[in-house]
1. Taking the residues in the stretch 107-143 that are assigned to a helix (DSSP H, G or I) and of a type in the set (Val, Ile, Thr) as candidates, determine which candidate is most open to solvent (accessible area, probe 1.4 Å).
2. Return the total of residues in the stretch 81-106 being surrounded by fewer than 19 Cβ atoms within 10 Å (Cβ to Cβ), of a type in the set (D, E, K, R) and part of a helix (DSSP H, G or I).
3. When the residues of the stretch 88-121 are filtered to those that are under 27 Å from THR6 (Cα atoms) and of a type in the set (A, V, I, L, M, F, W, C), which remaining residue is modelled with the lowest pLDDT?
4. Can we say SER43 is of a type outside the set (Val, Ile, Thr) and open to solvent by less than 30 Å² (accessible area, probe 1.4 Å)?
5. Find the residue count for the stretch 162-187, including only residues that are within 15 Å of TYR142 (Cα to Cα) and either of a type in the set (A, V, I, L, M, F, W, C) or open to solvent by 50 Å² or more (accessible area, probe 1.4 Å) (or both).
6. Quick check on my filter: what residues within the stretch 99-119 are touching a Pro at 6+ places or on another chain (Cβ under 7 Å) and among the polar types (S, T, N, Q)?
7. Take the conditions assigned to a loop (DSSP other than H, G, I, E, B), closer than 19 Å to ALA125 by Cβ and under 14 Å from the mean Cα position of the chain (by Cα) and apply them to LEU12. Does it pass?
8. Could you list, in sequence order, all residues of the stretch 144-160 that are aromatic (Phe, Trp, Tyr) and either modelled with pLDDT under 95 or open to solvent by less than 20 Å² (accessible area, probe 1.4 Å) (or both)?
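The values are calculated or read from the model by the stated rules, or taken from the named source; none is laboratory data. Bear in mind the structure is a predicted one, so any value in this text is a computation, not a measurement. Using ideal geometry, Cβ is built from the backbone for each residue, glycine included, and neighbour counts are taken over all protein chains shown. Please note that ligands, DNA and RNA were not included when accessible areas were found on the heavy atoms of the full protein model with its side chains. Shrake-Rupley method; radii C 1.70, N 1.55, O 1.52, S 1.80 Å.
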Amino acid sequence: MRLHPTAKAESLWVVVNKKRRLNPVAYGPVLHSKINLAPPAASAFWALKAELQRRGLGTLCLNSGYRSYGSQKSIHSARVAALGKVAGENLAARPGHSEHQTGLAADVSITSLGCRIGNFGSTDAYKWIAANGHKYGFIVRYPWKLTDVTGYVWEPWHLRFVGKELATEMKNRKIKTLEQFFSLPSAPSY
């Protein structure tokens with residue numbers, strides 16, 4: 001397996017969490033000209049979307065792709081103000097600690113839900129992506145009951161592009177998080 005660094009913001013395998021901030025912290029990726037994702041994630045998103053439609057599982061929506069440092073600062077502040085620090089930070093990363101800032105993370109839903117993410121985990125589209133997303137290079141980044149490892153509650157809508165090679169290796173070895181795969185410390189808090 002070809003290796004990519006896990007500490008460099010521009011790396012396909014960068015691991016960003018509550019213990020590992022982006023380097024550089026204000027990193028901004030090159031984005032695809034037609035979608036708010038880095039080019040490899042954008043191509044994989046379109047292929048995944050086409051396959052879901054072909055299977056009659058719905059039309060995939062991109063709710064949120066790349067977020068700048070400034071955008072994440074606003075989102076984090078709003079969540080913490082609304083929910084308190086602990087609950088807010090279980091849902092929204094501090095700026096510089098968000099996978100969205102890499103351009104490799106995609107919050108998705110389907111049009112039959114009005115593209116809202118809330119019920120995505122109960123859809124056939126989600127179940128299919130959870131079982132087959134690796135074929136397109138995606139993992140569900142914040143899996144069920146692994147908040148103590150990732151620091152985030154289950155987010156079935158939050159897909160992370162890591163490439164087919166790593167996603168397939170994780171699937172084959174039944175490893176659900178990047179922290180576990182790379183033997184990195186869990187990141188339940190900052």
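1. THR111
2. So the count comes out to 1.
3. LEU91
4. No.
5. Result for the stretch 162-187: 12.
6. Hit for the stretch 99-119 is THR102, nothing else.
7. no
8. TYR152
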